[in-house]
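Chemist: I'd like to ask you about the structure that follows.
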Amino acid sequence: MAILAVLCFFAFIAFIVLGVISLFRKTGRAKWMFFSSLGTFILGIVFSMSNSPELMQSNDYSPAKTQSYHTEPMEKEIIENKPTISAGEFNRIEIGMNYEQVTDIIGDYGELVSESEEAGTPFHTVLYQYEGEGSLGANASMMFQGGKLTNKTQYGLK
């Protein structure tokens, strides 16, 4: 949808320019060009807003309504388990789990690969990578947003 918003912006500019040219040439198409530019401007706004439905919901991010969670490994003892992830462990992990639940299943904290936004906000996103059991280069990645697992991927786990 972001591409459509950018295309609408360029169409908006093009229709404005064509409308101004039509005014000077007196071709009678200026009115149509300006209405077209207005339409593309409105479509651009709609497409850009559809990229983030969270923005159309409540913007009340008071501390009482936001979840607090840890982005750094918590100080607790890991259950005896290999510090790698297996296919069975990967399959036990479900979307919506928090970092602690995932860590309990895998038995390792993983490596923090990426982090964006401010901790404690619904848009705070972290990506952890785990070494995998299986073929050469086996691994798994877990993405958490707002404290919950939103995406998981794996390669070569056995």
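The values are calculated or read from the model by the stated rules, or taken from the named source; none is laboratory data. Keep in mind it's a predicted model, so treat the numbers as computed, not measured. A quick note on method: Cβ atoms are made from the backbone with ideal geometry, for glycine too, and the neighbour counts reach across all protein chains shown. Accessible surface is based on the protein model in full, side chains and every heavy atom, while ligands, DNA and RNA are left aside. Shrake-Rupley method; radii C 1.70, N 1.55, O 1.52, S 1.80 Å.
Chemist: What do you reckon, is THR66 surrounded by 12 or more Cβ atoms within 10 Å (Cβ to Cβ), at pLDDT below 90 and part of a loop (DSSP other than H, G, I, E, B)?
Modeler: yes
Chemist: If the requirement is being open to solvent by less than 90 Å² (accessible area, probe 1.4 Å), at pLDDT 75 or above and under 24 Å from GLY137 (Cα atoms), which of these qualifies: ALA119, ALA87?
Modeler: Result of the check over ALA119, ALA87: ALA87.
Chemist: Name the strands (runs of 3 or more DSSP E) wholly within the range 111-151 that hold at least 1 residues that are β-branched (Val, Ile, Thr)?
Modeler: 111-116, 125-131
Chemist: Is it the case, given these coordinates, that TYR61 is in contact with a His (Cβ under 9 Å, 6 or more places away or on another chain), more than 24 Å from TYR155 (Cα to Cα) and at pLDDT below 55?
Modeler: no
Chemist: Of the residues GLU100, GLU111, only one is open to solvent by 40 Å² or more (accessible area, probe 1.4 Å), in contact with a strand residue (DSSP E or B) (Cβ under 8 Å, 6 or more places away or on another chain) and either in contact (Cβ under 8 Å) with a residue 60 or more places away in the chain or not polar (S, T, N, Q) (or both); which?
Modeler: Result of the check over GLU100, GLU111: GLU111.
Chemist: Also, quick follow-up: Can you name the residue in the range 132-158 that is over 17 Å from ASN91 (Cβ atoms) and in contact (Cβ under 8 Å) with a residue 24 or more places away in the chain and is also surrounded by the most Cβ atoms within 10 Å (Cβ to Cβ) among such residues?
Modeler: PHE144
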